[in-house]
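The values are calculated or read from the model by the stated rules, or taken from the named source; none is laboratory data. These numbers come from a predicted model, not from an experiment. FYI the Cβ positions are ideal-geometry reconstructions off the backbone, even for glycines, and counts take in every protein chain you see. Just the protein is used for accessible areas: all its heavy atoms, side chains included, with ligands, DNA and RNA removed. Shrake-Rupley method; radii C 1.70, N 1.55, O 1.52, S 1.80 Å.
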Amino acid sequence: MALEIVMENNLVYGKTERELLTADIFRPSEGKDIPIVILIHGGWFQSGSKEMYREWGQYLAESGVAAMAINYRLMTPSYSIYPSVLDDIQAAINFIIKHAYEWGVEPQRLGLIGDSAGGHLASQFSLLYATNASYKIRAVVGAYGVYHLKELWKKLIRYDKMGNEVSKVW
């Protein structure tokens, strides 16, 4: 039997220098310590939207798992998104942490789901930032993303918020 759910659309979870970042939340109407997943759309980093995960969000919430489908910054020929796009995922996690009690979710039971570009972002974020005191990524599901993460890890250059190279990971 499907659980009764609450859907909240177009919540602003962060902002970039160009836009507000929005999300749709799908969650069981009752419960506590509910696991939550962030749904990250594909689109070759240039297109797509959170609406692509509407059916999955509803299905997961009806099954007892909260979901947050996010929009993230998209690149254009004149607008580079890397590495700042990873900050968008961190902002989504911070938003979850902020609302965890209200929604009955447990950030220590966090998952990431993405397809194509979203699958790559989910995998890369989890490789770099799997856990801290406020959250723990327990699962990543990526569908047809780019997964040469071992090579990426070897070549990865970390940047600060200003885009300056901070360190290389070897």
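Only one of the numbered conditions (1) open to solvent by 40 Å² or more (accessible area, probe 1.4 Å); (2) among the aromatic types (F, W, Y); (3) farther than 16 Å from Y135 by Cβ is violated by Y101, and that is (3). Scanning region 48-64 for residues that are open to solvent by 60 Å² or more (accessible area, probe 1.4 Å) and either at positive phi or small (G, A, S) (or both) turns up just one, S63. What number of residues in region 91-106 are more than 23 Å from R54 (Cβ to Cβ) and in contact with a helix residue (DSSP H, G or I) (Cβ under 8 Å, 6 or more places away or on another chain)? So the count comes out to 1.
A quick yes/no check of all residues on (1) open to solvent by less than 30 Å² (accessible area, probe 1.4 Å); (2) touching a strand residue (DSSP E or B) at 6+ places or on another chain (Cβ under 9 Å); (3) at pLDDT below 95; (4) within 21 Å of S126 (Cβ to Cβ):
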residue: E17; (1), (2), (3), (4): no, no, yes, no
residue: D24; (1), (2), (3), (4): yes, yes, no, no
residue: I40; (1), (2), (3), (4): yes, yes, no, yes
residue: I70; (1), (2), (3), (4): yes, yes, no, yes
residue: R73; (1), (2), (3), (4): yes, yes, no, yes
residue: Y82; (1), (2), (3), (4): no, yes, yes, yes
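Taking region 43-68, which residues are outside any helix (DSSP H, G or I), of a type in the set (A, V, I, L, M, F, W, C), out of contact with any strand residue (DSSP E or B) (no Cβ under 6 Å at 6 or more places or on another chain) and closer than 18 Å to T22 by Cβ?
First, pick out the residues of region 43-68 that are outside any helix (DSSP H, G or I): 43-49, 63-68.
With of a type in the set (A, V, I, L, M, F, W, C) added as a condition, the list becomes 44-45, 65-68.
Subsequent filtering for residues that are out of contact with any strand residue (DSSP E or B) (no Cβ under 6 Å at 6 or more places or on another chain) retains 44-45.
The answer is F45, and nothing else.
When the test is whether a residue is under 22 Å from Y144 (Cα atoms), modelled with pLDDT of 95 or more and of a type in the set (F, W, Y), W56 passes it.
In a residue-by-residue description of region 135-144, the property of being modelled with pLDDT of 60 or more, open to solvent by 90 Å² or more (accessible area, probe 1.4 Å) and assigned to a strand (DSSP E or B) applies to at least one position.
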